[in-house]
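Chemist: Below you will find the structure I want to go over with you.
The values are calculated or read from the model by the stated rules, or taken from the named source; none is laboratory data. From a predicted model like this one, the values you see are computed outputs, not experimental measurements. Positions of Cβ are backbone-derived with ideal geometry, glycine not excepted, and every protein chain shown enters the neighbour counts.
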Amino acid sequence: MPPPSAARTGALPLAGAVAGGGALALESVVNGRLGEHAGPVAAAAWSNTLSLGVAAAAACVLSGLRPAFTALLAALRSRALRPWHCLGGVAGGSMVLTQALTAAALGPASYTLALVSGQTLCGVAMDHLGLGPGAPRRATARRLAGGLLAVCAVALPVLATRDADRTLALAVLPFLAGCALSWQMAVNGRVDEAAGKHPYPAVLLSFAAGTALMAAAVAALAVFSRLDRPRPGPPWHYTGGLLGCVVVLTAVLTVRRIGVLAAGLGMITGQVLGALALDALTGEAASHQAPAAAGAALLIGAAVLAAPSGTRPGPLAPEAADGPLGRRGN
């Protein structure tokens, strides 16, 4: 049994991941509503640009930025970090686009369940292959049980929907976005580690890559199609970028402590609990909330099973750790 101090050390980042998941559930609703009257591409572009602006403004008040970026450049030159590790924001930008495209149509709970199923299935692989910071974390029986329990948790509410076929068809994009989100958490954690565990470079690079992707999407839409003319909406529809800052910062800080899978499952729990609350506030049917609540309870158990018990699992055997995906230089 781990000592109390170790338990507290693991509990705090797990609680932070749950809070970050709640922010992500709210961000999905906000960007989905903005996409309804501004167009999905424009909504995603605005959200990423706002996040980038907030991250850039933070440079005026944060300390230790020069050593952090110097360490990051040194890691890139030595090939301990590869350039593609700095592109986590491409996945983040894709996720914001799926929020604007499908969140309003699916509703908070269904969108979240599709997203978190991708997160869960990919989180085990990210940890086992060592794509996140620190040593690879084995896919132990306990962690596999947590992943399987999470899959069962998301299956319950999806199968209980009245229009399951339509829900499954719409859920493909957020499912793929969830897979991408696990990868983003892993590579942002690597950037955080290379920068001396200063979260700012990972956050800034993430939003810069996401904004570049959305700018390219807007340009392509303007050339080959047409941009939707925005309709007026309430001010809170434009706050998704602020919530995005909270989500990415939380992910960077928690992955370094408890790994991609545990941090992902903590965020999953927060997302589902937040989605349940948002379903109630937006008037979703009560018959859909009961299976979603059961799924949320299972997800909490899955997060507990997948979380490290105070100490990190030992590194993989040398031949496994030096495999093509496990090698630290990749």
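Chemist: For the stretch 67-117, what are the residues that are of a type in the set (S, T, N, Q) and modelled with pLDDT of 90 or more?
Modeler: Thr70, Ser78
Chemist: When only residues in the stretch 230-267 that are in contact (Cβ under 8 Å) with a residue 24 or more places away in the chain and in a loop (DSSP other than H, G, I, E, B) count, which is surrounded by the fewest Cβ atoms within 10 Å (Cβ to Cβ)?
Modeler: Within the stretch 230-267, the match that is surrounded by the fewest Cβ atoms within 10 Å (Cβ to Cβ) is Pro232.
Chemist: Name the single residue, out of those in the stretch 80-108 being touching a Lys or Arg at 6+ places or on another chain (Cβ under 7 Å) and hydrophobic (A, V, I, L, M, F, W, C), that is surrounded by the fewest Cβ atoms within 10 Å (Cβ to Cβ).
Modeler: Only one residue fits best here, namely Ala80.
Chemist: OK, next. Given the conditions (1) closer than 28 Å to Ala194 by Cα; (2) part of a helix (DSSP H, G or I); (3) in contact with a Pro (Cβ under 8 Å, 6 or more places away or on another chain), which single one is not true for Pro136?
Modeler: Evaluating Pro136 over (1) closer than 28 Å to Ala194 by Cα; (2) part of a helix (DSSP H, G or I); (3) in contact with a Pro (Cβ under 8 Å, 6 or more places away or on another chain) leaves (2) as the failure.
Chemist: Do we find that Gly274 is at pLDDT 70 or above, in a helix (DSSP H, G or I), within 28 Å of Ala58 (Cβ to Cβ) and touching a Ser or Thr at 6+ places or on another chain (Cβ under 6 Å) in this structure?
Modeler: no
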